[in-house]
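In what follows, a single structure is set out as structure tokens and then discussed.
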2 protein chains.
Amino acid sequence: MDVFEIIAEPTRRAMLDMLAQGERTAGEIGGAFPSLTQPAVSRHLKVLRDSGLVEVRSAAQQRIYTLRPERLAEIDLWLDRYRRFWNGRLNALEGHLARIHDNSKPTSKRKPKQ
Amino acid sequence: MDVFEIIAEPTRRAMLDMLAQGERTAGEIGGAFPSLTQPAVSRHLKVLRDSGLVEVRSAAQQRIYTLRPERLAEIDLWLDRYRRFWNGRLNALEGHLARIHDNSKPTSKRKPKQ
DNA sequence: GAATTATATAAGCCAAAAGTTATATTTGCT
DNA sequence: AGCAAATATAACTTTTGGCTTATATAATTC
């Protein structure tokens, strides 16, 4: 599953945020979402597990979850090409270059298709 | 709409990527997605418009789209708390601190709920 | 002003995602 | 062995998002 879709879910983001503080048991994580039933929590955890964003290990009946954030770098990488826009590095020249892009004909020349 | 959900859609991400190169007309954008019908493209553009990630202006019958990436900073901000993990700044001490988090009782003390 | 081009909106359909209840699995305790 | 605790899975329902076809709007050209 695509990491962008996984973090699109606010509950899952919040779960990752918890785990960024340190390991947590499934029960502790679930406790932070009183509005969700236990299976709902468990399913989100499964999504995170399957995506590789978290890891589990057992301690008695409990499952201890650990953050495994490396795949978040994919998002960071995608953002790279936009960062310049809010970095102040987008100066007048860059703005201008972006505006007068390669395609000099505003009227489309592509296949009609419609 | 939540910016995380908006960029979860691969087509919309690709559209933003196009606009990162410079302005494009709706037709040019649609041309880049031959598998999509015109209304499908138009709907994605509407989502991007409503979210504030792009802006439009008219030139005759054409609509010219411009990137407006400021809201992507929300994602960048969220990533901040994870960046240290792949920045190599997560050293042995930090890893240790994360592991022995505040909650000293592995056995949950929260309300049963289940 | 009628036809054409460019784009948007409406309405309905379908698939995927998330939630629910019920049940299974695993481990610990007495 | 039997029961309780912690968590996962199954089966089903509901919601939502994106797609499609059909139609509307707006500017352009003949």
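None of the figures in this text is laboratory data; all of them are computed from the coordinates on show. Quick caveat: nothing in here was measured; it's all calculated off a predicted structure. Neighbour counts run over all protein chains shown; Cβ positions are idealised from the backbone, glycine included.
Looking at the stretch B:59-77, can you tell me whether even one residue there is more than 10 Å from chain A (Cβ to nearest Cβ), touching a residue at least 24 places away in the same chain (Cβ under 8 Å) and assigned to a strand (DSSP E or B)?
There is at least one residue in the stretch B:59-77 that is more than 10 Å from chain A (Cβ to nearest Cβ), touching a residue at least 24 places away in the same chain (Cβ under 8 Å) and assigned to a strand (DSSP E or B).
Among the numbered criteria (1) touching a residue at least 12 places away in the same chain (Cβ under 8 Å); (2) assigned to a helix (DSSP H, G or I), which single criterion is violated by B:Arg81?
Unmet for B:Arg81, out of (1) touching a residue at least 12 places away in the same chain (Cβ under 8 Å); (2) assigned to a helix (DSSP H, G or I): (1).
This table checks each residue for (1) of a type in the set (Val, Ile, Thr); (2) crowded, with 17+ Cβ neighbours inside 10 Å; (3) assigned to a loop (DSSP other than H, G, I, E, B).
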site	(1), (2), (3)
A:Phe4	no, yes, no
A:Arg13	no, no, no
A:Gly27	no, yes, no
A:Leu36	no, no, yes
A:Pro39	no, no, no
A:Ser42	no, no, no
A:Lys46	no, no, no
A:Asp50	no, no, no
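Residue-wise test of (1) of a type in the set (D, E, K, R); (2) within 21 Å of A:Glu5 (Cα to Cα); (3) within 8 Å of DNA strand D (Cβ to nearest atom).
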{"residue": "A:Pro39", "(1), (2), (3)": "no, yes, yes"}
{"residue": "A:Arg43", "(1), (2), (3)": "yes, yes, yes"}
{"residue": "A:Lys46", "(1), (2), (3)": "yes, yes, yes"}
{"residue": "A:Ser51", "(1), (2), (3)": "no, yes, no"}
{"residue": "A:Val54", "(1), (2), (3)": "no, yes, no"}
{"residue": "A:Gln61", "(1), (2), (3)": "no, no, yes"}
{"residue": "A:Leu67", "(1), (2), (3)": "no, yes, no"}
{"residue": "A:Arg71", "(1), (2), (3)": "yes, yes, no"}
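Could you tell me which residue of the stretch B:8-23 is nearest to DNA strand C (Cβ to nearest atom), considering only residues that are farther than 13 Å from B:Val41 by Cα and within 8 Å of chain A (Cβ to nearest Cβ)?
B:Ala8
Could you please let me know if B:Thr66 is buried (at least 17 other Cβ atoms within 10 Å of the Cβ) and hydroxyl-bearing (Ser, Thr, Tyr)?
The answer is no for B:Thr66.
Need the failing condition index for A:Gly52 against (1) closer than 21 Å to B:Trp78 by Cβ; (2) away from chain B (no Cβ under 12 Å); (3) within 11 Å of DNA strand C (Cβ to nearest atom), just the number.
It is condition (3) that A:Gly52 fails.
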